Amino acid sequence: MAFSRNKLYSIMIIACIAGYIWLYFGLKHEYSEDKPIEVCLIKHFTNIACPSCGSTRSILSLTEGNFIEALSINPMGFLIAIIMFLSPLWIIADITAKRNTLFIFYQKTETYLKRPQLAIPLVLMVIINWIWNITKGL
């Protein structure tokens, strides 16, 4: 699906804000109760962890400087944290400078990721992470 620059930036900002709010409640909940918050629809209906299960806990571990723990919970947390940190800064820089470098980067990355020699190993990595999440009992 082809996005316009403004639509992509809007979606990314909304997703980041939602992520920040979710992390805030995750931090607040972490220090107040022992019962975990469950929002994963896959896990809720099937009782099987999805490939991204544990990402919130992984990012929360990163914020506390526990990099090994974050990696063991879910390696996807690193990628999500990088995106949540860099994309708002990059969007603000693009809007301020009246450029579209993030949009161009997104388009090139999307084109690159569609190549089978890269897409197949990435899909396999997600499947391996999914199996690992199930095995860990997330």
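Return the residues of region 103-127 that are aliphatic (A, V, I, L, M) and either under 17 Å from the mean Cα position of the chain (by Cα) or exposed (fewer than 11 other Cβ atoms within 10 Å of the Cβ) (or both); say none if nothing qualifies.
Narrowing region 103-127 to residues aliphatic (A, V, I, L, M): 104, 113, 118-120, 122-127.
Scanning region 103-127 gives Leu113, Ile120, Leu122, Val123, Leu124, Met125, Val126, Ile127.
If you scan region 84-102, which residues turn out to be surrounded by 11 or more Cβ atoms within 10 Å (Cβ to Cβ), over 19 Å from the mean Cα position of the chain (by Cα) and of a type outside the set (A, V, I, L, M)? Within region 84-102, Asp94, Arg99, Asn100, Thr101 meet the criteria. Of all residue pairs spaced 6 or more apart or on separate chains, those with beta-carbon atoms under 7 Å, a first member in region 84-97 that is under 11 Å from Cys16 (Cα atoms) and a second member that is surrounded by 13 or more Cβ atoms within 10 Å (Cβ to Cβ) and β-branched (Val, Ile, Thr) are Pro88/Ile13. The helices (runs of 4 or more DSSP H) falling completely within region 35-138 that include 2 or more residues that are among the small types (Gly, Ala, Ser) map to 55-63, 67-73, 76-97. Scanning region 44-63 for residues that are more than 17 Å from the chain's Cα centre (by Cα) and surrounded by 12 or more Cβ atoms within 10 Å (Cβ to Cβ) turns up just one, Ile48.
Every number here is computed from the coordinates shown, using simple stated rules; none is lab data. What you see is a predicted model, and the numbers here were worked out from it, not measured in a lab. Here Cβ is always computed from backbone atoms with ideal geometry, including for glycine, and neighbour counts include all displayed protein chains.
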